[in-house]
Protein chains: 2
Amino acid sequence: MLSMQPIGHVRSPYRDSQDIPKGLGAKHEAEGVLEIRAEFEPGLTDIEGFSHLFVIWAFDRSEGCDLVETVPSDDRPHGVFATRSPRRPNPIGLTVVELLCRKGPVLHVRGIDMLEGTPILDIKPYLSSVPQERLRRGWLAEAEARSGRKP
Amino acid sequence: MLSMQPIGHVRSPYRDSQDIPKGLGAKHEAEGVLEIRAEFEPGLTDIEGFSHLFVIWAFDRSEGCDLVETVPSDDRPHGVFATRSPRRPNPIGLTVVELLCRKGPVLHVRGIDMLEGTPILDIKPYLSSVPQERLRRGWLAEAEARSGRKP
């Protein structure tokens, strides 16, 4: 077993998971704040130079785990590791956000899809992307095709 | 405090962290295996449809934390959250791998940069990329420019 401690918390407009856009075509454009604990502020040195960040966080209001589940983007069940479902063996969330500005230990970001008060476990610079032509999006692309939506 | 359990382990050609390509221009093309625990195999249902996966794992052989550190890609120090340094407040690693094939609970992948035996905490589908023209790569782009390297 590994123990993790929050390095800070998310300030989000979302108070209830029902409020977070989900399913096909959901856009995550909400602005919010990553409030990092003062003792970790030196760890943010030079982060302003990156346009996008990975935020690794904890689904602290999710309980239990379903290895196979039907998620809002499809009416067919899929394995939990092929989805972003909160009910995972380890309740870890991952979000790419755009960094708008930093004020000391506080990062203002766009692209929040976490609940207010979500514990943050880690932040890393988002460095590279997989070329579009090499990316396959599995059941999600199929669900989009069935629904007539574009990615 | 949050507790996490390994969902499986990485089979990697790297036995020592010195063996892992690091620094500017390092390529991660090594092939390896994500060996998921048999009890979690149903969670892999439909994962074959995705070309790339996020692997969230634990730096189990890293001790302690440096909030500001000089990493192999630059001769100037940076905050830990602006780097992929293993010496982090929570020793969480994140790697994007290409999924080559699945055999039951075993995923053959390319792009391994973890040590042999590294505990895996979570796997998620890699879904989207930030458009290249909107991406800024901070101190890393500067270090590349100083060294005459291209990203």
Practice problem: Every other copy gets compared here: list the nm distances from the A:GLU31 label point (7 Å along Cα to Cβ) to its counterparts, shortest first, one decimal. | Solution: 4.8
Self-check item: Alpha carbon convex hull of chain B, projected area averaged over orientations, nm²
Solution: 10.0 nm²
Quiz item: How do A:61-69, B:54-62 rank on mean C-beta neighbours within 10 Å, highest first?
Solution: B:54-62, A:61-69
Exercise. Provide the per residue accessible area, probe 1.4 Å, for chain B, rounded to a whole number of square angstrom.
Key: 45 Å²
Practice problem: With the full set of protein chains in place, find how many percent of the accessible area of the stretch B:23-122 is carbon and sulfur; take the probe as 1.4 Å. | Solution: 49 percent
Quiz item: Helix-derived [θ] at 222 nm for the protein assembly as shown: sum -39500 (n - 2.57) over DSSP H runs of at least 4, divide by residue count, nearest 500?
Solution: -2000 deg cm²/dmol
Quiz prompt | Rel. contact order, % - alpha carbon contacts under 8 angstrom, at least six apart, the stretch B:15-151 | solution = 35 percent
Practice problem: Note down the net charge around B:GLU63, summing +1 for each Lys or Arg and -1 for each Asp or Glu among other residues with Cβ under 15 Å from its Cβ. | Solution: 0
Exercise. List the accessible area buried at the contact between A and B, summed over both sides and calculated with a 1.4 Å probe, in Å² to the nearest 100.
Key: 5800 Å²
Practice problem: Could you tell me the accessible area of A:HIS108 in Å² (1.4 Å probe, neighbours in place), rounded to the nearest ten? | Solution: 60 Å²
Quiz item: For the stretch B:63-151, rounded, prolate or oblate, judged on the Cα gyration tensor with a ≥ b ≥ c (square roots of eigenvalues), a/c < 1.5 rounded, else prolate if a/b > b/c?
Solution: oblate
Quiz item: What order do B:ARG37, B:ARG15, B:ARG84 take when sorted by accessible area (1.4 Å probe), most exposed first?
Solution: B:ARG15, B:ARG84, B:ARG37
Quiz item: Using the Cα atoms as the points, what is the convex hull volume per residue of the protein assembly as shown in Å³?
Solution: 128 Å³
Quiz prompt | Accessible area in the full protein assembly, largest first, 1.4 Å probe, for B:LEU121, A:LEU100 | solution = A:LEU100, B:LEU121
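The values are calculated or read from the model by the stated rules, or taken from the named source; none is laboratory data. What you are looking at is a predicted structure, and each value in this text was computed from that prediction instead of being measured. As a convention, Cβ positions derive from the backbone with ideal geometry for all residues, glycine included, and neighbour counts pool all protein chains shown. Keep in mind that these areas ignore ligands, DNA and RNA; they rest on the heavy atoms of the full protein, side chains included. Shrake-Rupley method; radii C 1.70, N 1.55, O 1.52, S 1.80 Å.
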